[in-house]
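The values are calculated or read from the model by the stated rules, or taken from the named source; none is laboratory data. Here the structure is a predicted model, which is why all the values come from computation and not from measurement. Counting neighbours? That spans all protein chains shown, and the Cβs are built from the backbone with ideal geometry, glycine included.
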Amino acid sequence: MQIDWRTVLGPGLTISVALVAFFVDRHFVTVPNPAPLFVCIVALASSISGIASGMISAGIAVLFSALFFLNHRVAPGYDAHDVARMALLALTAGGTALITGMLRQKWIDAFASEQAHHATSARLAAALDQVDIGIVLLDADTRAEFINRAFRDYFALSDEMADSQPPFIALMYHGRDTGAYELPEDQLAHFIAARTEMMRSGDSTPININLADGQVLRFSCTALPDGGRMLSYTPVTDLVRHSDAPERAEHYRALRKGQRPPFPDRRAAE
């Protein structure tokens, strides 16, 4: 059976320190009370392996301290002062083992919870990358904490820029600079200002955004409890373009020939 070194480290270290103290005290120089060092070892044992290891180390420390005090007495037995020192050591070492062990367990639970949260976030991010709705999550300072694959494709946004947490206004200017919007150049400034104000105010009124490649996205802004925003860009091209003039239909189809390939078939169960 394999023994975990962390479990035996504290007790083993306590015994080793006690034996060294006895040896030095008997053969070389008088060693002062090693109780403070024992308490440190107990704390180390609890922090590495938990309460059980710390308590075992504390018990060993009290036992060796009792022998150490007895070795320093001229008359046999213990006086009240020795008993008080051993009781204080037992309380201190035991309390240290208990408190340190509880803090360790709390840290482990918090770490496990954080790991589970990160795993859930990763799964959610992967799921959002599979939908054809563009999703952007902004923090309270309007910086993009998450940009899914659909949005990156619609606006030709590089992964490097998307992962750099750009502010919302930078995303709008990127769309302007890449010619993503189907708008005259003299209207772009007003369009960007209106969209930015809509986002800042948390206006949830949906609007349609016409892209230069013929696609139409329905933009919606949702205010989040932490002051952030969730922006969604839902493709509604087929719902909107059917009302366009028939002679323009072929024009928009030609524009869309270079767009990203459609998303693969996805099963809801997956």
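Checked against the criterion of being assigned by TED's automatic domain parsing to the domain that holds Arg218 and in a helix (DSSP H, G or I), the candidates Ala140, Ala150 yield just one match: Ala150. When Ala66, Ala45, Ala52 are screened for being closer than 27 Å to Ile108 by Cβ, in contact with a helix residue (DSSP H, G or I) (Cβ under 6 Å, 6 or more places away or on another chain) and at pLDDT 75 or above, only Ala45 passes.
Out of the stretch 13-40, which residues are within 14 Å of Ile99 (Cα to Cα) and free of Cβ contacts under 8 Å to residues at least 40 places away in the same chain? I'd like the intermediate steps shown before the answer.
Taking the stretch 13-40 as the starting set, the residues that turn out to be within 14 Å of Ile99 (Cα to Cα) are 39-40.
Answer for the stretch 13-40, where residues must be within 14 Å of Ile99 (Cα to Cα) and free of Cβ contacts under 8 Å to residues at least 40 places away in the same chain: just Cys40.
Among the residues making up the stretch 150-164, a single one is in contact with an Asp or Glu (Cβ under 8 Å, 6 or more places away or on another chain) and surrounded by fewer than 21 Cβ atoms within 10 Å (Cβ to Cβ): Arg152.
The residues of the stretch 178-219 that are among the hydroxyl-bearing types (Ser, Thr, Tyr) and either out of contact with any Phe, Trp or Tyr (no Cβ under 8 Å at 6 or more places or on another chain) or not assigned by TED's automatic domain parsing to the domain that holds Asp139 (or both), listed by number, are Ser201, Ser204, Thr205.
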